[in-house]
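Notes follow once the structure below has been shown.
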Amino acid sequence: MARELHIDVTSPAQGPALRRAAVLADGVLSDLYIDRVERPTLAGAVIRGRVTRIVAGMNAAFVDIGTGRDGLLPAADVRVPQGSGPQGGGKRASKDRPAARPPGPIGTALRAGQTIIVQVKADPVGAKGALLSMDVALPGRFLVHTPLAAGIQVSKRLGQGASAAAERARLTTVVRDAVPVSSQGWAGGWIVRAAAAGVPADWLAQEAEALAMDWRGVARAGDGPPVTLLAAPHAGIRALMEQTGQPVSAILVDDRAAAGQDLYAELRRWCDDRAADLLPLLKRVPTGLPLFDGGDLDGAIATLLRPRVPLRGAAAGSLVIERTEALTVIDVNGGEKGDPLAVNLAAVPEIARQLRLRNVGGIVVVDFINLSRPPDRERLILALTGAVADDPGNTQVYGMSRLGLVEMTRQRRGPSLLDLVAADAPAPGVLSDDDDAVM
């Protein structure tokens, strides 16, 4: 299967300026990453924040992260150096030793006015501020660096059996030898992604050094006002991190509408620092037809804003996708003579694709065509579970209810596609006229 990445920046004259990265598998749009240029995502950013208040009833803290709206830090995401007591009196926690959740209430670990390092787990939504964590995780293509943890873990997605066990042992040894150690003898924690299977040791070493340097820059930050220490990766870089663990044949960049920003040069620097194997694939498209016009990618993206999705293949049918305040509902419709199981199974890969492309997050309920036989229901659930297994956004399938509804959840990964492309969509964390909740 031939896979290409197409990355561009749209012109503000066409609506909100967007950074876009599309993944094409055999010419079909399979994954999509989009950011607004004027208000990029915060998810993944590492920030020096300041605790503004502790709310004992919520067992959480509000933290000023310099965006005009405090973020929320739950107690479960607080980390303090092991063996240390309450942080206060100007005493700074070491950023070069393992950390753990505090054993008591959040007030025993944090105090108002304290400077802490946090990472944004989720963008602000409506009246809610950003969701924060002190358990920093720096992702790469093959590795995830967890600087406040210890040890090396290998993804369970690598599989089972003798060959998988041998590869798991190889990767553990390679990463142990590759990861840089601080002057205090501390290497932090490392998670080896399934995409690292078969990857040469020098690729892993290059990425490990780059991630460790990212953390060194954060760890050197002293006290001071809230400031972003490590910006969140934008759409193009997220696509490189999440999509190039599998083979790609080309990475094409169109930055003619970037308004002075050299997107191609930025992506080239990123590859040079941590993914040198991608440099031969990275190409700036020549003048002529805009990149996303080729193959009508713009048209394919436009169809994602419509509720009805026709099913391809022999099984006639369609999906209807509707978003509500609380959840997203997907209705599977069959053709006049369609076999219910065949239509449902044909809908499964398209449902997984639409969840990724539309960036659906939160609760999802799927109303499949009714199946009377329990074995058919089990087959359908297994097929859906397998279809979402490789989704970069963690997706869980919880089974079928008595009414025949399949319940799912998908990790929120920033605003949905509809919110991003709507010209009048409010900025993350900005209250609309309909919002009356107070955080």
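The values are calculated or read from the model by the stated rules, or taken from the named source; none is laboratory data. Computed from a predicted model, the values in this text were never measured in an experiment. So basically every Cβ, Gly included, is an ideal-geometry build from the backbone, and we count neighbours across all protein chains shown. Each accessible area value is taken on the protein alone, full model and side chains, heavy atoms only, with ligands, DNA and RNA left out. Shrake-Rupley method; radii C 1.70, N 1.55, O 1.52, S 1.80 Å.
Per residue, the convex hull spanned by the alpha carbons of the range 1-56 comes to 166 Å³. The accessible surface of the chain, taken with every protein chain in place and a 1.4 Å probe, is 54 percent carbon and sulfur. Kirkwood hydrodynamic radius of the range 139-220 from all distinct Cα pairs, in Å? When all Cα pairs of the range 139-220 are included, the Kirkwood radius is 12.8 Å. Rolling a 1.4 Å probe across all protein chains gives residue 121 an accessible area of roughly 100 Å².
Convex hull volume per residue, computed on the Cα atoms of the range 185-277, equals 139 Å³.
With runs of 4+ DSSP H residues as the only contributors, calculate the mean residue ellipticity of the chain at 222 nm using -39,500 (n - 2.57) per run, divided by the residue total and rounded to the nearest 500. Provide the component values of the computation, followed by the final result.
On the way: 8 runs with 102 residues, N = 439.
My calculation for the chain gives -7500 deg cm²/dmol from helical runs alone.
If you model the range 306-421 as an ellipsoid using its alpha carbon gyration tensor, with each semi-axis the square root of five times an eigenvalue, the axes come out at 22, 16, 12 Å, biggest first. Of 279, 403, 29, the residue with the greatest mean-square motion in the GNM of the chain, using alpha carbon springs below 10 Å, is 403.
For a straight C-alpha distance cut-off of 13 angstrom, the aspartates and glutamates reachable from residue 128 (same-chain residues fewer than eight places away being disregarded) are 70, 435, 436. Accessible surface area normalised per residue over the range 306-421 is 53 Å², counting heavy atoms of protein chains with a 1.4 Å rolling probe. Projecting the Cα atoms of 417, 355, 403 onto the charge dipole of the range 349-424, computed from C-beta unit charges around the Cα centre, puts 403 farthest toward the positive end.
Spatially, the range 9-25 and the range 262-332 are offset by 10 Å when compared through their Cα centroids. Note on residue 303 and residue 268: the model spin-label points, each 7 Å out from Cα along the C-beta direction, lie 3.5 nm apart.
Couplings 3J(HN,Hα) for the range 134-150, derived from phi with the Karplus relation 6.51 cos²θ - 1.76 cosθ + 1.60 (θ = phi - 60°), are 8, 8, 5, 9, 9, x, x, 5, 10, 10, 10, 9, 10, x, 9, 9, 9 Hz, where x marks Gly and Pro.
For the chain, the alpha carbon positions stretch 73, 56, 52 Å along the principal axes, listed from largest to smallest.
Take the chain, connect every pair of alpha-carbon atoms lying under 10 Å apart with a spring to form a Gaussian network, then pick out the residue of 149, 165, 194 with the largest mean-square fluctuation. Looking only at 149, 165, 194, the biggest GNM fluctuation is shown by 165. Note on the chain: antiparallel DSSP beta bridges, both residues inside, total approximately 80 percent of the bridges counted. Residues in the range 139-220 average 48 Å² of solvent-accessible surface per residue, probe 1.4 Å, ligands and nucleic acids excluded.
The slack between residue 390 and residue 376, meaning 0.36 nm per residue of separation minus the straight C-alpha distance, is 2.7 nm. Of the residues 172, 210, 159, the one whose Cα sits farthest towards the positive end of the charge dipole of the range 139-220 is 159 (charges of +1 on Lys and Arg Cβ, -1 on Asp and Glu Cβ, taken about the Cα centre).
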